[in-house]
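Some notes on the structure that comes next.
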Amino acid sequence: METILSLKNIVKVYPNGVVANKGINIDVEKNTIHAIVGENGAGKSTLMKIIFGEETPQEGEIYYKGKRVHIKNSLEAIAMGIGMIHQHLMLAPELTVAENLILGTEPVKWKLFLDKKKIMEKTESACKSFGFEVPLNKKVKDLPVGTKQRIEILKVLIRNAELIILDEPTSVLTPQETEVLFKSLRELKAKGKTIIFISHKLKEVKQIADRVTIIRDGKDIATEDANKLSEHQIAELMVGREISFERIEKPKSIGEPLLRVENLHYVNDENIHILKDISFEVRRGEILGMAGVEGNGQTELVEILTGLRAATSGRILIKGTEITNLSPREIREKKVAHIPEDRMENGVAEKSSIEENIIVDRYYKKPFSKNSFLNWKYIGNHTTKLIKDFNILAQSSKTPISALSGGNIQKVVVARELSSDPELIIADQPTRGIDVGSEEMVHALLKEARDRGIAVFLVSADLDEILKVATRILVIYNGKIVAEFENNESITQEKLGPYMLGVTTKEEGSTNKPLSTEQKEV
Amino acid sequence: MNPILKSILSPKFVFATIRVMTPILYPAIGVAITALAGSINIALEGIMLMSAFTGVMVSAYTGNLLISLIAGVAAGVGMGAILGYFHLKLKADIIIAAIALNMFASGITIFLLYLFAHDKGTSSSLKSLVFPSFQIPILKDIPILGPMLSGHNILTYFVFVAVIAFYYLIYKTPLGLRIRAVGQNPDAAKSVGINVDRIRFYSLLLSGFFGSFGGLYLAMGYVSWFSRDMTAGRGFIAIAASSLGNNLPLGTFLGSLLFGLVNAFAIFIAPLKIPSEFIQSIPYVTTVIVLAIYSINKSRKVKKEIE
Amino acid sequence: MEKFIVKYFNLIRTIIAVLIGVVISILIIFIISKNPGYSLKTFFLGPLLTKGRFGDFIEQASPIILCGLAIAIPFQAEQFNIGAEGALFIGAAVGTAFAVSTHMPTILHITSVLLVAGITGAIWGFIPGFLKAKWKTDELVISLMMNYVAYFLGLYLINYYFRDKSAGFLVSYQLPKTAWLAQFIPGMRIHVGVIISFVIAILTYYFLYHTTKGYEIRVTGINKNFAKFGGINVFMVIVISQVIGGFLAGLGGMTEVMGLHRRFNWQMSPGYGWDGVVVAIIGRNNPIFIIFAALFLSYLRTGGQVLNLLSDIPSEMVIAIKSIIILLITAEAFLEKFKYRITIREAKRREALDESDS
């Protein structure tokens, strides 16, 4: 087996001083599917950016097809036959599919103008030869996620890529769509392509990969045939210690309902009916997990619950009091905490210090301020204590958030939300993109909050997380709640998958009737 | 009132509108191109000042219209290049850098005006040239249309060519496609190997190119001298004009036409003996009102009834 | 040494930018002036040479400080409202109209005139602020347009209703003595308004960094979504930051009229609002730095005026120099490669230390 890509001693230092890659060595063999796994912040993305020419290493050598190469930019990488499909799809929304496909390699006539005829020819023949059917003349913004990803793959193939890098491609797909993707990848491999596959979903890695490289803390730890390592072993190599995959203990006692959502509807500005008649409740002492592929209304639901978006109709009640369409501050005053989906965009102010981030929900209360004057001494002490209690790795309370790693930033968010003495916690994708160690800590904190009688509403696209932590599970699809289950050993990924894809509805899934023990209307 | 109403409804009014629209449409095209590329250029005010001044000075000293044209355009493109360098290479905030450039242009043109014309107000002591106006044969004799469309300055006729060129550039050339891609999703462009900074730099150069014609027109067509800060905010009204039109060719044209109409209107109601300060404030008040209405419309959406 | 450079990098870079501006001024003077030695001395030392000029230098900082604050507060909330020039003009115009038309004892008169000017400026800040908060209208373009509207409206008010026909120029009636801000140092034009501006700058510092409202403004500027998420009323922040800005600009204009000119005599826009933008940027929106930046700018201004008066170089050179300094300061990547190299060395040194520890 010849080696198509060889990385030797790659070192990368970012301008802010962070050393992302500390001497990485990897050999990728031609015609294999090679997975790269590691916690977030381990350095996988940086490594891929170096291969694709988006970053240059400070030290190290890259050999492609046996020859030493210096990949100065993406154009050179593409010319060499390297293609990359990023985690966040990279298409220009107002341009058509065809325009997106030929962008950068536009055929011209009379040296100056776009040759529309050649564009259609080129894109149509690519569709045929690779077997991907995409609507060439539609604007990208009007297409669903699965189609967009196929366009991305076609974009890479049309440029004659032989080495294809996929960065967390399944994070936006359901289990069934992932199968379709894997089928395509196997077909591409059969056609002679080499695939590098970045993922933190170890099940998938075991499913599709031939070889696995584990990266931890900027260094490559091991490269091995995928079938020689178990998921558990891979996880341990990623983290460097024992970790648990077990479901957490059932709650000892569950109280009365704290949050009640009744017939919630939301229609957005483009007149799309995002949430359709959502009703559920969260009781004290339980963790209600809402499972669903991202983009089925969860984001809007959480925004409505926390006052960041107005509902179109319906009611939300806390302890019997209606809180529908109250402001974020009023809702927080009702003892609701919110761990947001996108911590960098909503959860923190990156350039501010930790203490300025901690006080955003309490600065106007005594003793944080008096008569509108902030008590920085008290704020500093308060923050220092939280840093200690939550094990946040930071120099001081005045350290800016930008100096912290992803996991520690999430700890700041969680520290703030949990220290606000809430009765309801809304956690939206709380462990997305953080290291396993921090993820464990977040789960432990949610469990501890639950055991103290707090109601927890967990929204997550990570089925492992839901299965591990939730007391009850809701599945949301296309704005509707399509299933509700008590969480026990019989609930698995395979069982929830069809509901998440809308293949099974409440009526059809009657053989495994959800909530058979209660007469509640779902 | 009657004679004023008559004059507004006459072909002379349309003629004036087209004339007045010219120094708004040129910079509006410039703003639009950079806005489409995602790096909006608000320094068209300074760009027009520099090209106006350069054109006047070079024409006074060389007596050659073509050389003056080239010099004026070079000045505009040069300003665009400086803005591009500071924003793209040195990572300056594009708004602040543009404000600095506008300030620079205002200061340096008055400074040099004094040095060369010994007057801080206008350059009228110098013999600068003017771009010619043309009566178009046959067209000029057609009733109504003739007086509207014939007799304009060559730079006014050229602005229509410029808009069409803008249309072709954006929709029919690879550069235009890349500009739009870069503006919509720079990461997407990067992923196919497009150098986002280079495309934005080109857009800034192009904005300097188109904007410079506006400046040249002001000092060598609209009037025949350079006076301090003669752009009078047109570079900023151009921003309003192009954003009204969503930065696309047809919309930018219509937006500029609107402000041309308002300016012409202000000129035509002068005989009403309304204080000049009021009349001069009309274009700016209108811009505020129009932009406000535009944003109100944009943020209001009709909600469908829920089943 | 390297640690020092990384930590104080911004300050060092600001100083270098200013030095470059100074060097360019020296070059220009050398090239243009028939008597460069004299011109250089006049420009760089002019403000210090006589008592009167020194007084001008200190006094001119006053409206620049207030306008700098007027720009900095919205900037801290990420609002690009540059309407200080208009707010100061119309604030001063309306304030003059009020001062000339009313009779009150001194303290009451001064306070009420300042309030009227401030509130007028506040209205000028409110319009772009409200449009932005409610309908996302671009406050940059609106505030720019409002500058022109303020200019024409202000001129109209003064020239048509309050013009002192006995004076030779287009100026307003003189303010009644009860509305004067006293010049309290003999031989210098430094008036009470100067004290007011310094005091307000210090108060603004405490406002921004030690009060809840200031916190709200700063957090909104750093991450608007986070502020909203945390419960801050972002709508109010957007409006109030620009209202306060307009108020301060109005004060800036009025104190000039009350302390220096004692009548409204601007036929052209005085330009303090634009200087306000410059010092807000140089001072990175920090009121204390703004004081120093304003003093620097007023020094340049005064030097330029003296230069204009005594030599053959027009004062607009100063405008050109100012803009070059801003360009260099706002260029984040200016000298960045240098800093990057030092950062890498620092990081490697740290890594080596960590490894030798473990």
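The values are calculated or read from the model by the stated rules, or taken from the named source; none is laboratory data. Since this is a predicted model, take the numbers as computed values, not measurements. Cβ: placed from backbone, ideal geometry, glycine included. Neighbour counts: every protein chain shown.
A few points about this structure:
- Checking C:Glu78 against (1) crowded, with 24+ Cβ neighbours inside 10 Å; (2) on the phi > 0 side of the Ramachandran plot; (3) among the acidic types (Asp, Glu), the condition it does not meet: (1)
Here's the yes/no breakdown for (1) at pLDDT 95 or above; (2) closer than 27 Å to B:Thr287 by Cβ:
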{"residue": "B:Leu5", "(1), (2)": "no, yes"}
{"residue": "B:Phe13", "(1), (2)": "no, yes"}
{"residue": "B:Val31", "(1), (2)": "yes, yes"}
{"residue": "B:Gly38", "(1), (2)": "no, yes"}
{"residue": "B:Leu49", "(1), (2)": "yes, yes"}
{"residue": "B:Ala60", "(1), (2)": "no, no"}
{"residue": "B:Ala74", "(1), (2)": "yes, no"}
{"residue": "B:Leu90", "(1), (2)": "no, no"}
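- Near pairs, Cβ below 8 angstrom, 6+ apart or cross-chain, from region A:247-272 (assigned by TED's automatic domain parsing to the domain that holds A:Gly285) to any residue that is assigned to a strand (DSSP E or B) and of a type in the set (S, T, N, Q): A:Val261/A:Ser279; A:Glu262/A:Ser279; A:Asn263/A:Ser279; A:Asn263/A:Ser313; A:Leu264/A:Ser279; A:Leu264/A:Ser313; A:His265/A:Ser313
- Hits in region C:112-126 (condition: within 14 Å of chain B (Cβ to nearest Cβ) and among the aliphatic types (A, V, I, L, M)): C:Ile123
- Qualifying residue in region B:146-168 (condition: part of a helix (DSSP H, G or I), farther than 30 Å from A:Gly83 by Cβ, over 21 Å from the mean Cα position of the chain (by Cα) and not aliphatic (A, V, I, L, M)): yes
- Scanning region C:247-263 for residues that are within 22 Å of the chain's Cα centre (by Cα) and under 19 Å from C:Arg284 (Cα atoms) turns up at least one hit.
- If the condition is being buried (at least 24 other Cβ atoms within 10 Å of the Cβ) and among the β-branched types (Val, Ile, Thr), then region C:52-75 contributes C:Ile64, C:Ile65, C:Ile71, C:Ile73.
- Any chance B:Ile179 is outside any helix (DSSP H, G or I), among the aliphatic types (A, V, I, L, M), within 14 Å of chain A (Cβ to nearest Cβ) and crowded, with 19+ Cβ neighbours inside 10 Å: no
- Number of residues in region B:182-205 that are closer than 19 Å to B:Thr252 by Cα and more than 7 Å from every other protein chain (Cβ to nearest Cβ): the value is 4.
- Helices (runs of 4 or more DSSP H) fully within region C:127-231 counting 3 or more residues that are more than 12 Å from every other protein chain (Cβ to nearest Cβ) and at pLDDT 90 or above: C:192-210
- Selection of helices (runs of 4 or more DSSP H) fully inside region C:1-111 by the criterion of at least 3 residues being closer than 30 Å to C:Asn308 by Cα, within 13 Å of chain B (Cβ to nearest Cβ) and small (Gly, Ala, Ser) returns C:9-32, C:84-101.
- Screening A:Met1 on (1) surrounded by fewer than 18 Cβ atoms within 10 Å (Cβ to Cβ); (2) part of a loop (DSSP other than H, G, I, E, B); (3) within 14 Å of chain B (Cβ to nearest Cβ) shows it passes everything except condition (3).
- From the options A:Asp435, A:Asp428, A:Asp451, A:Asp462, residue that is in the same structural domain as A:Val302 (by TED's automatic domain parsing), closer than 22 Å to C:Phe226 by Cβ and of a type in the set (D, E, K, R): A:Asp428
- Boolean, B:Ser281 is surrounded by fewer than 20 Cβ atoms within 10 Å (Cβ to Cβ), at pLDDT 85 or above, at the interface with another protein chain (Cβ under 7 Å from one of its Cβ atoms) and in a helix (DSSP H, G or I): no
- Residue check for B:Ile296: loosely packed, with under 13 Cβ neighbours inside 10 Å, within 14 Å of chain C (Cβ to nearest Cβ), in a helix (DSSP H, G or I) and modelled with pLDDT of 85 or more: no
- Boolean, C:Ala293 is away from chain B (no Cβ under 14 Å), farther than 30 Å from C:Ala99 by Cα and free of Cβ contacts under 8 Å to residues at least 12 places away in the same chain: no
- Looking across A:Ser125, A:Ser74, A:Ser129, one residue alone is hydroxyl-bearing (Ser, Thr, Tyr) and within 9 Å of chain B (Cβ to nearest Cβ). It is A:Ser74.
- Any hit, region A:367-382, residues being surrounded by 16 or more Cβ atoms within 10 Å (Cβ to Cβ), part of a loop (DSSP other than H, G, I, E, B) and hydroxyl-bearing (Ser, Thr, Tyr): no
- Any hit, region B:101-113, residues being farther than 23 Å from B:Leu65 by Cα and out of contact with any helix residue (DSSP H, G or I) (no Cβ under 7 Å at 6 or more places or on another chain): no
- Filter result for B:Ile29 (surrounded by fewer than 24 Cβ atoms within 10 Å (Cβ to Cβ) and either in contact with an Asp or Glu (Cβ under 8 Å, 6 or more places away or on another chain) or part of a helix (DSSP H, G or I) (or both)): no
- Look at (1) away from every other protein chain (no Cβ under 11 Å); (2) farther than 25 Å from A:Leu301 by Cα; (3) among the polar types (S, T, N, Q) and you find that A:Asn371 fails only one, number (1).
- A count restricted to region A:304-340 and to residues that are touching a residue at least 60 places away in the same chain (Cβ under 8 Å) and among the hydroxyl-bearing types (Ser, Thr, Tyr) stands at 1.
- Odd one out for A:Lys65 among (1) modelled with pLDDT of 90 or more; (2) within 14 Å of chain B (Cβ to nearest Cβ); (3) more than 27 Å from A:Asp217 (Cβ to Cβ): (2)
- Pairs linking a residue in region B:242-255 that is at positive phi to a residue that is assigned to a helix (DSSP H, G or I) and aliphatic (A, V, I, L, M), with Cβ atoms under 6 Å and 6 or more positions apart or on different chains, are B:Asn247/B:Ala32; B:Asn247/B:Ala35; B:Asn247/B:Leu36.
- Test: residue in region C:248-257 that is under 28 Å from B:Leu83 (Cβ atoms) and touching a Lys or Arg at 6+ places or on another chain (Cβ under 7 Å): no
- B:Phe226 being more than 8 Å from every other protein chain (Cβ to nearest Cβ) and modelled with pLDDT of 95 or more: no
- Scan of region A:176-221 for residues that are within 23 Å of A:Asp435 (Cα to Cα), assigned to a helix (DSSP H, G or I) and not hydrophobic (A, V, I, L, M, F, W, C), ordered by number: A:Lys203, A:Glu204, A:Lys206, A:Gln207
- Meets criteria (within 18 Å of C:His210 (Cβ to Cβ), within 13 Å of another protein chain (Cβ to nearest Cβ) and part of a helix (DSSP H, G or I)) for A:Glu345: no
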